[in-house]
Each structure stands twice: as C-alpha cells, then as structure tokens.
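Note sheet for the following structure.
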Amino acid sequence: QVQLVESGGGTVQAGGSLRLSCAVSGRTLRLYAMGWFRQAPGKERESVSVINWSGRNTYYANSVKGRFTISRDNAKNTVYLQMNSLKPEDTAVYYCAADPEYSTLGSRNTTYWGQGTQVIVSS
C-alpha cells in the first residue's frame, strides 16, 4: 500500500521559513511527478508547485515564485518544499501528491495524495 506522509508544517511568523517533506512508502515513485497543493479555510485546493520525475521540470504558482523551492531525492523517495519569506496568506493545509503524468498532477484523477500538514503564518 502506497502512503505519502507529509511533515514539517507548523506555526511561523511572517517572513520566516519552513521546509515541508513528503516521504513515500510502499513502493518507489521515482518515475512519478510529485507536487504540493494547499487548501486554505473556505477556499478551493490550489496547486503550489510540481516537479517531474527527473527534477528537471518544475512549476510554481505565481503567488509563491521566488519564495518557494521544490526538490526531490529519488533515492530517499522524498519530495521537499522549502518555503521562505512566508506570508499570512500562505496559511493552509499543504498536501503532497503523486501521479505518473506531470501535466495532470493535481486533477481529480491524481493517483496518490497525502493527508496534509498544517502551515500557519502569523502576522
């Protein structure tokens, strides 16, 4: 059984940093695209950042460009999200996801989702 387990969330002051990790167990997903998505209270889930299987292709939402960095370590079956210069509007539950297709990761057909980790940024 494949599991994606997020960690690294917490409460931080505006301007601070957090590093989220998503560890995959059950099988290797080194050929899968992986990404981070977030959902704030009362809002729809949105894409934050996506990385393809090799790490050569990445996507960032405009709202996080220049502040967040996605990376992956296929040997460790883990994907990371380094979040710097955090803002109160970054407050949300952050979810990790994985799918064989880079272009459709995050859609309702996405293969695997984690349970989420809460990020709270105080002003």
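Here the chain is treated as an ellipsoid with the same Cα gyration tensor; its semi-axes, largest first and in whole Å, are 22, 14, 14. Rolling a 1.4 Å probe across all protein chains gives Ile70 an accessible area of roughly 10 Å². Tell me, how many Å apart are the Cα centres for the stretch 86-123 and for the stretch 8-45? Here the two parts' Cα centres lie 5 Å apart. In this structure the stretch 2-123 gives 52 Å² per residue of accessible area when probed at 1.4 Å with all protein chains present.
Could you look at the stretch 1-105 and say what percent of its accessible area is carbon and sulfur, using a 1.4 Å probe and all protein chains?
Numbers: 2440 of 5420 Å².
It is 45 percent, rounded to a whole number.
The Leu31 and Ile120 beta-carbon pair, evaluated with R₀ = 35 Å, returns a calculated FRET efficiency of approximately 0.55. In loop segments of the stretch 13-121 as defined by DSSP, the trypsin sites (Lys or Arg not before Pro) with at most 13 further C-beta atoms inside 10 Å of their C-beta are Arg27, Lys43, Arg56, Lys65, Lys76, Arg108. Among the DSSP beta bridges whose two residues both lie in the chain, what percent are antiparallel, rounded to the nearest 5? Around 90 percent of the beta bridges assigned by DSSP in the chain are antiparallel ones.
With a simple spin-label model that places each label point 7 Å from the Cα along the Cα-to-Cβ direction, the separation between Glu101 and Lys76 comes to 3.1 nm.
Taken over the stretch 29-76, the alpha-carbon convex hull comes to 90 cubic angstrom per residue. The simple Förster model, with R0 at 25 Å and r as the Cβ-Cβ distance, assigns Gln3 and Ser63 a FRET efficiency of 0.30.
The values are calculated or read from the model by the stated rules, or taken from the named source; none is laboratory data. Predicted, not measured: the structure shown is a model, and the values here were computed from it. Methodologically, a virtual Cβ is constructed for each residue, glycine included, from the backbone with ideal geometry; neighbour enumeration extends over all protein chains shown. Side chains included, ligands, DNA and RNA excluded: accessible areas come from the protein's heavy atoms. Shrake-Rupley method; radii C 1.70, N 1.55, O 1.52, S 1.80 Å.
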